[in-house]
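Down below is the structure, laid out as structure tokens.
The values are calculated or read from the model by the stated rules, or taken from the named source; none is laboratory data. Nothing here was measured: the structure is a model prediction, and the numbers come from that model. Neighbour counts are summed over all protein chains in view; Cβ atoms, including those assigned to glycine, are modelled from backbone coordinates with ideal geometry. With ligands, DNA and RNA removed, areas are computed over all heavy atoms of the protein, side chains included. Shrake-Rupley method; radii C 1.70, N 1.55, O 1.52, S 1.80 Å.
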Amino acid sequence: MHTTSWHSVGPSLDECIKCNICTSYCPVSAVTDLFPGPKYSGPQAQRFRESGQPDTPDQAVDYCSGCRVCNEVCPTGVKIAELNARARAQIAKEKGIPLRNRLLGRNELMGRIGHYAPRLANFGLHNAVSRFLAEKVMGIARQAPLPYWSTDGSFGAWFKRTQKERLHARQKVVYFHGCATMYYEPFIGKAAVAVLEHNGYEVIVPPQNCCGLPMLSNGEFAAAEGYHQRNVNSMAGLARGGYPIVGTSTSCTLTLKEEAPELLDMHSPDVTALKMGVWDIFEWLRELHEEGKLRTDFRPINLKLPYHAPCQYRAHRVGKPALEIMALIPELEIPESHARCCGIAGTYGYKTEKYQIGMDVGEELFQFVREQGDDVTMTACDSETCRWQLEHGTDLPSRHPIEVLAAAYGLYDLETRELTSQSNSM
Amino acid sequence: MKRINTEILVIGGGATGTGIAWDAALRGFAVALVERRDLTHGTTGRYHGLLHSGGRYVVKDPQSAVECIQENRTLRHTHAHCIEETGGLFVVTPEDEGDFPDLFVQGCAETGVPCNEISVAAALRREPLLNPRISRVFEVPDGSADSFLATHATAQAARQAGARILTYHAVTGLLVTGGDGDKRVVGARVMDAVSGEEIHIHAAMVINATGAWAGRITGMVGIPISVIPGKGTMVAMNHRLVNTVINRCKMPADGDIIVPVHTVAVIGTTDERVADPENLRIEPWEVQLMLDEGEKLVPGISRARVVRAWAGVRPLYQEDYTGDSRDATRKFALLDHQRGHGVAGLITITGGKWTTFRLMAEKTVDLAVDYLGERQPCRTASTQVPGAEQGHYWLGHRLHEIEEEHLQGELICECELVTRTMIENAAKRNPTVTLDDIRRDVRLGMGPCQGGFCTYRAVGILHELARQAEGAGPTEEETKEGTERDAAWEVAYLQSPRHNLSADERPARDEAGLQPNLLLRDFLQERWKGVTPILWGRQLKQERLDELIYLNLMNADHLPQTGEKSPLTDFYLYDATPNEQTEAPA
Ligand SMILES: Cc1cc2nc3c(=O)[nH]c(=O)nc-3n(C[C@H](O)[C@H](O)[C@H](O)COP(=O)(O)OP(=O)(O)OC[C@H]3O[C@@H](n4cnc5c(N)ncnc54)[C@H](O)[C@@H]3O)c2cc1C
Ligand code: SF4
Ligand code: SF4
């Protein structure tokens, strides 16, 4: 990185009018002095970071969680979170990337390794001794909510196995599942497929790999570039062909839509085609609904379900489509969280030195859930790591809205997270 | 009326005058320097920021080139902390004429300016925003330099060597003995601009280092010299778009250099003859020309945010010169008025460049020695000024120090990272009459918001100091010495947050007279003056917010004491009438 304006997010620092609105909203600087805040670390510090300097001028920017609350509130459109991500990448380049961050950046690899022997892997990871060691040796917080590998196979294996049962139709939609659905939560993908097929769409699952976001947030830009390019190679053609590409992971879709091209300065026609073709699944379902094409044969769900729209989702700047669609479900009561962030912010809250910050940030959300009363048995949130954090902070199970929707269609059991027999017979 | 006796009286607290005071004091002379405002209030504080390698002059003015490269090397040692080693590039753009690059290479060889041709690809790797259509690139040892800090550090060195530095003291007349034929200047009448008191300073030699104002001083004893004021306008971009000085490789002309200084990049300059060196209006075409020319070096630069524009005047001396001011010589003029005009006791030094100020000072004091007699030899070329041991400036040093010392919560000026104690110490350690003086010490208000958020905070701090100072008269020792507002003069570390972790223990004293409302109004007006010529786009948005803060929220237009004035209140007003003798190019 030579000069700020060399890359696509840099010039946005010129937009800053120093109003401090971002600083007053940043959930991280509100709970810790270790992070001086978005204005400080973003447009302000950036003016001091150019050129080859004798020393790295600042490292506190590493405490930015990347939640993008700042971008959301900035009145002039400064790409603060991206400036911070860039600065982290620069530090990574100068100071090297710790093994811990490399591992957290490669959750796809971890997912793949573990899924061959998930029970063993789960035991290997989720016992007190190894968590203790992981904390000491690598700096992965002992208490942080690491996921469990799926014990009944990956999403990909299920999809292949059930090819014959899948709907084949003229209307097609492409599904980007992301690593978490692939290896840890295949049931999210099953729910998504069930909902899409219920609405008469054939689901295509093209070859795909990690979207690269964990690497981007840990400053490993070169690696992320390779990952993104492979996704582009695999899906740009489909996007050009007019197939919508929908995803259930709000952070993966955001990366494909915006973060990867911007941070990595990738602007080829293929990258742009993919960027334009990607939707969050509810963003797309809402579109379908507005065209009067979404099936509304919902069964009532008698439940009070506090919902948190994750910050990554808000960064899509599409409103809260999951909320709008869930609101169509009879009898479902959805108290809406206005908490800024759950605190996990991708891989942030897993790091030992940041675990407590993450929990303190999340407190706003946890408290909101507690305030909904004892009759609350479950929460909902779109993003996987946020859901895990929400479960960790509230001791209540949490579900993806697509699971809720699938349940409302009678295709899915919210408790057991399994497709119902009705769906299998479709 | 007060009377001061000294050997050498220097008039003018720019780079040249301060350098002379330092040089003469080191040689053992008793020296007093008077500056009618703050140090560097003249051209020195309004220049482009370039430590010349000499490359710019190798074809047109080889002698200047030789002086520049020599002084470039010297200042890197004596004033290390005032200089950033950016390096410089001379680039040949598609518009630049045929044989100049070859003449340039030859000129560098002849004048000893190190010059190394590099590939366009290498230049673009180093400066990715550079125009990719350039055909040749030469690397030279240009640098960027902070003239505020350098002059203040030089003044501190001069004081340590025994010189007295009196700021806000204006020469209103020269003291003369004798008549036609044996006229002798024996001192000057000086007005203390703050108290209004008149002082007579008697000296064996008066050195006129008032730059573009030099003719006014000599005019006081009837010597007509022609100093051509050449106005140069510069625009500063909101952030560094380049980290190397970028020069067009062609005959020197307007807008052909971009200098990265501190957090900004400055495009400059124009060169227009003006009648009055004082009220410099910036014409819209000048701003446009800078941006248009900047585009040729860095395409897209005109769409980046501009934070400010300002102008300085070149003191170009040339006997009987009438042509276009860019062609007047950049060499300096050292005028011995005894030999030239039959008036003894007065020397004028004018012209030259910031880069060569030390050399000019040396030559000037050499001439004074001819009349005053030999003392110790000149030592400025090998003596470091206070603070130089910090090593060269680097852009991130403040950010780095703020983080290491956990000072994020102490910031008063957030854009330029100025802490509360930096401001307190700046106020106590050298004379402060306006917030603009503190700006020159620590860069207060020089960033994107142009004082929007720091002005009221800084005024609050000075108000506190003023209240502490009330009733606290000068100490006995100070009365004995008779020093006025030239307090402690410890400015060497003012730019470093780390060196100002705690406030100076000295009790506040000289701040007693500071009026908060006046400080506020003056500084807002001063910042506004530089923003007015570039008021569009993002800076306009910024100014709208600043306006809401000061005019709507704080009602700054209707504060008590609206009639009060500081010595600079009128200077800060933006005069919208066009300068005389300026014409837009055809
Ligand atoms: C637009 C522009 C850009 C430039 N850029 C560069 C550059 O990049 N690099 C470089 O090396 N050089 C540059 N120069 C040249 C350089 O700035 C000047 O040569 C140098 O600053 C002159 O310093 P000085 O001390 O001689 O004059 P000044 O700095 O003008 O000092 C004269 C002082 O005398 C004071 N004074 C006037 N009258 C009185 C009085 N009656 N009583 C007391 N005091 C009085 C004034 O207030 C003033 O402070 C530039 C010049 C201009 C105009
Ligand atoms: S991305 Fe989140 S943590 Fe980072 S600066 Fe913005 S609001 Fe704060
Ligand atoms: S909200 Fe935007 S404009 Fe305001 S300080 Fe933050 S980055 Fe600057």
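A compact table of results
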read-out	value
Residue ID - surrounded by the most Cβ atoms within 10 Å (Cβ to Cβ), chosen from residues in the stretch A:284-299 that are in contact with a helix residue (DSSP H, G or I) (Cβ under 8 Å, 6 or more places away or on another chain) and in contact (Cβ under 8 Å) with a residue 60 or more places away in the chain	A:Leu285
Filter result for the condition that a residue is more than 9 Å from chain A (Cβ to nearest Cβ), part of a loop (DSSP other than H, G, I, E, B) and under 22 Å from B:Leu465 (Cα atoms), over B:Pro377, B:Pro431, B:Pro386	B:Pro431
Number of the condition not met by B:Gly55 [criteria: (1) in contact with a Cys (Cβ under 9 Å, 6 or more places away or on another chain); (2) crowded, with 24+ Cβ neighbours inside 10 Å; (3) under 18 Å from B:Gln384 (Cα atoms)]	(3)
Hits in the stretch B:32-43 - residues which are open to solvent by less than 20 Å² (accessible area, probe 1.4 Å) and of a type in the set (Ser, Thr, Tyr)	B:Thr40
Qualifying residue in the stretch B:79-90 (condition: of a type outside the set (Ser, Thr, Tyr), in a loop (DSSP other than H, G, I, E, B), more than 14 Å from every other protein chain (Cβ to nearest Cβ) and buried (at least 23 other Cβ atoms within 10 Å of the Cβ))	yes
Failed condition for A:Ala223, given (1) touching a Phe, Trp or Tyr at 6+ places or on another chain (Cβ under 9 Å); (2) not in a loop (DSSP other than H, G, I, E, B)	(1)
For A:Ala144: the one exception among (1) open to solvent by 60 Å² or more (accessible area, probe 1.4 Å); (2) closer than 20 Å to A:Gly346 by Cβ; (3) at pLDDT 85 or above	(1)
Yes/no for A:Gly52 being more than 9 Å from ligand 2 (Cβ to nearest atom), within 11 Å of chain B (Cβ to nearest Cβ) and at positive phi	no
Residue in the stretch B:104-117 that is open to solvent by 60 Å² or more (accessible area, probe 1.4 Å), at pLDDT below 95 and assigned by TED's automatic domain parsing to the domain that holds B:Thr244 present	no
Odd one out for B:His392, checked against (1) outside any loop (DSSP other than H, G, I, E, B); (2) within 14 Å of chain A (Cβ to nearest Cβ)	(1)
Any hit, the stretch B:333-345, residues being within 29 Å of B:Val59 (Cα to Cα), modelled with pLDDT of 95 or more and of a type outside the set (A, V, I, L, M)	no
Identity of the residue in the stretch B:495-519, hydrophobic (A, V, I, L, M, F, W, C) and over 23 Å from the mean Cα position of the chain (by Cα), that ends up nearest to the other protein chains (Cβ to nearest Cβ)	B:Leu501
Listing of strands (runs of 3 or more DSSP E) fully contained in the stretch B:245-328 that carry 1 or more residues being modelled with pLDDT of 95 or more, open to solvent by 40 Å² or more (accessible area, probe 1.4 Å) and closer than 18 Å to B:Gln539 by Cα	B:306-317
Residues satisfying the stated conditions in the stretch A:42-88, i.e. more than 23 Å from the chain's Cα centre (by Cα) and within 16 Å of ligand 3 (Cβ to nearest atom)	A:Pro43, A:Gln44, A:Ala45, A:Gln46, A:Arg47, A:Phe48, A:Arg49, A:Pro75, A:Thr76
Elements of type strands (runs of 3 or more DSSP E) in the stretch B:166-229, at least 3 residues being within 16 Å of ligand 2 (Cβ to nearest atom) and open to solvent by 20 Å² or more (accessible area, probe 1.4 Å)	none
Flag for A:Cys74 being open to solvent by 20 Å² or more (accessible area, probe 1.4 Å) and within 16 Å of ligand 2 (Cβ to nearest atom)	yes
Qualifying positions in the stretch A:341-393 - of a type in the set (Asp, Glu) and more than 17 Å from A:Asn107 (Cα to Cα)	A:Glu353, A:Asp360, A:Glu363, A:Glu364, A:Glu371, A:Asp374, A:Asp375, A:Asp382, A:Glu391
Single residue of the stretch B:1-27 satisfying the filter (within 16 Å of B:Thr364 (Cβ to Cβ) and part of a loop (DSSP other than H, G, I, E, B)) that is farthest from the chain's Cα centre (by Cα)	B:Arg27
Qualifying positions in the stretch B:128-146 - at pLDDT 95 or above, open to solvent by less than 60 Å² (accessible area, probe 1.4 Å) and not in a strand (DSSP E or B)	B:Leu130, B:Asn131, B:Ile134, B:Pro141, B:Asp142, B:Asp146
The stretch A:57-66, subset at negative phi and either within 7 Å of chain B (Cβ to nearest Cβ) or open to solvent by 10 Å² or more (accessible area, probe 1.4 Å) (or both), residue farthest from ligand 2 (Cβ to nearest atom)	A:Pro57
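Here is a yes/no grid of residues against (1) in contact with a Leu (Cβ under 6 Å, 6 or more places away or on another chain); (2) over 16 Å from B:Glu404 (Cβ atoms):
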{"site": "A:Ala45", "(1), (2)": "yes, no"}
{"site": "A:Phe48", "(1), (2)": "yes, no"}
{"site": "A:Pro54", "(1), (2)": "no, no"}
{"site": "A:Cys67", "(1), (2)": "no, yes"}
{"site": "A:Thr76", "(1), (2)": "no, yes"}
{"site": "A:Gln90", "(1), (2)": "no, yes"}
{"site": "A:Ile97", "(1), (2)": "no, yes"}
